[in-house]
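Everything below concerns the one structure shown next.
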Number of protein chains: 2
Amino acid sequence: MKGRILEVARRIFGQYGFHGTTTRMIAQEVGIDISTLYYHWGEKGDLYEAVVLDIYEDLREQLVEVEKRIHGLALEKRMEIAVEMMTDYLFERPEISNLTLFRYFAKTRHASPLDFRVPEIMGNIAHSMGLVSDKKQLQPDAKMKMLAVMNAIHNFVSGQNFFLTMLDMDEKEYVKGVKETLKFLIIPAFVHNGAAPKRA
Amino acid sequence: MKGRILEVARRIFGQYGFHGTTTRMIAQEVGIDISTLYYHWGEKGDLYEAVVLDIYEDLREQLVEVEKRIHGLALEKRMEIAVEMMTDYLFERPEISNLTLFRYFAKTRHASPLDFRVPEIMGNIAHSMGLVSDKKQLQPDAKMKMLAVMNAIHNFVSGQNFFLTMLDMDEKEYVKGVKETLKFLIIPAFVHNGAAPKRA
DNA sequence: GAATGTTTCCATCAAATGATGGAAAACTAT
DNA sequence: ATAGTTTTCCATCATTTGATGGAAACATTC
């Protein structure tokens with residue numbers, strides 16, 4: 001039951017944000033009484049925290065998968081595949097992108113339950129893209145580049161419904177267009193700028 | 001009074017989002033009674049709508065300024081200046097970026113007052129970057145590129161507080177790093193890919 | 001100054017929201 | 001089958017939130 005609640009909470013928090021989500025919405029979606037929700041998860045903020053940690057763990061695991069897949073390939077190929085894989089993955093779980101973006105800037109009205117530490121994944125991202133050989137040594141400027149790359153993907157995933165309408169595309173076209181756009185933007189920067197360190 | 005309320009509402013909605021913002025928060029910040037707020041602006045959703053339209057108008061005007069400034073320059077120079085100007089502008093008005101991002105994916109719990117039409121500014125963006133000569137002719141793939149560029153800026157602006165901590169930087173370093181990262185990412189894509197159409 | 005219109009506030013409402021106590025139901029172990 | 005434990009629900013609470021009516025205060029016009 002606890003896991004079912006977490007699963008539903010994840011989706012709803014991802015769509016409506018912390019304040020836009022009521023505990024009753026979650027309970028109703030799961031098909032339980034609201035006190036059952038409190039029985040299993042305690043306060044709303046606790047549940048939200050669990051959700052955020054959950055998505056970060058998912059993201060970390062996926063980055064590991066990406067890395068396995070691109071290991072040993074040429075830089076450009078590595079980036080192409082990384083972008084494809086991350087994009088596909090996130091499109092299937094838009095709440096990850098939404099919750100990530102909410103986390104960057106959405107404030108809450110009370111002592112923030114949201115200021116908990118989240119695992120550092122910048123190094124994982126860089127490593128999974130094959131841009132560093134040692135995850136522990138990432139410089140701030142490289143971190144910013146990683147942020148820009150990941151956020152570019154998150155944005156297209158999160159904004160899908162909005163942008164589909166704006167661009168007058170269907171979903172398939174959109175996903176295809178997203179991938180092309182991301183590669184258009186990202187690959188020249190890293191490949192042509194000679195920004196990638198030599199692999200050990 | 002009406003304008004004062006709008007100004008304050010803009011900031012608070014930008015930080016807390018629609019559901020995270022209460023009408024009392026706004027009234028208190030302005031220093032008025034809550035019914036005064038309702039007297040001038042009607043329902044909460046109406047005020048939010050006015051705020052969103054307000055920021056879009058601001059953004060449009062700034063894009064016009066950018067265009068004036070870069071007119072006639074070489075592509076690379078145009079993009080550098082456009083990125084600098086837009087970044088500076090948005091850092092002074094983070095609510096624009098926040099509200100824009102909220103709009104892409106944050107759902108509301110009732111018949112959405114948020115689904116109103118907003119002026120189309122993709123053409124303005126492309127034009128202001130000097131990437132098309134006719135704003136009316138933007139193809140979907142070009143629009144996606146514009147989106148990616150603008151969203152990259154919005155993300156760094158919106159995420160400032162979060163990223164400052166993550167990256168262990170002070171504000172000045174951060175802004176500088178943002179500009180460098182954006183140029184690092186954006187310029188190669190457009191300049192080296194030969195993606196920019198010839199200027200008429 | 002009076003009449004009229006506008007703005008502001010106080011007091012309040014209905015509904016919503018986060019949350020809980022206690023009892024019943026379900027489950028588990030012997 | 002019984003006892004003990006866990007889970008679920010109903011009923012409810014305190015507080016918050018969006019919103020309003022009416023009166024007072026203020027501003028404008030003649």
### Task
Having 3 or more residues that are under 22 Å from the mean Cα position of the chain (by Cα) and among the aliphatic types (A, V, I, L, M) is the bar; report the helices (runs of 4 or more DSSP H) wholly within region A:1-99 that clear it.
A:2-20, A:44-70, A:75-91
### Message
Would you confirm whether or not region A:42-55 contains a residue that is surrounded by fewer than 20 Cβ atoms within 10 Å (Cβ to Cβ), within 14 Å of chain B (Cβ to nearest Cβ) and within 14 Å of DNA strand C (Cβ to nearest atom)?
### Response
yes
### A:Gly72 vs. criteria away from every other protein chain (no Cβ under 14 Å) and either within 16 Å of DNA strand D (Cβ to nearest atom) or within 15 Å of A:Gly3 (Cβ to Cβ) (or both)
no
## Note on the structure
In region B:15-41, anything more than 8 Å from DNA strand D (Cβ to nearest atom), surrounded by 15 or more Cβ atoms within 10 Å (Cβ to Cβ) and over 14 Å from A:Thr108 (Cβ atoms) is listed as B:Ile26, B:Ala27, B:Gln28, B:Glu29, B:Val30, B:Ile32, B:His40, B:Trp41
#### Entry: Of all residues in region A:11-41 being of a type in the set (Gly, Ala, Ser) and within 12 Å of another protein chain (Cβ to nearest Cβ), the one that is nearest to DNA strand C (Cβ to nearest atom)
A:Gly20
### Message
Could you go through region B:62-81 and let me know if any residue there is modelled with pLDDT of 80 or more, of a type in the set (D, E, K, R), crowded, with 22+ Cβ neighbours inside 10 Å and farther than 30 Å from A:Gly14 by Cβ.
### Response
yes
### Task
Kindly indicate whether any position in region B:80-103 is more than 19 Å from B:Asn151 (Cα to Cα) and away from every other protein chain (no Cβ under 14 Å).
no
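The values are calculated or read from the model by the stated rules, or taken from the named source; none is laboratory data. Computed from a predicted model, the values in this text were never measured in an experiment. Here the Cβ is made from the backbone with ideal geometry for all residues, glycine too, and neighbour counts use every protein chain on show.
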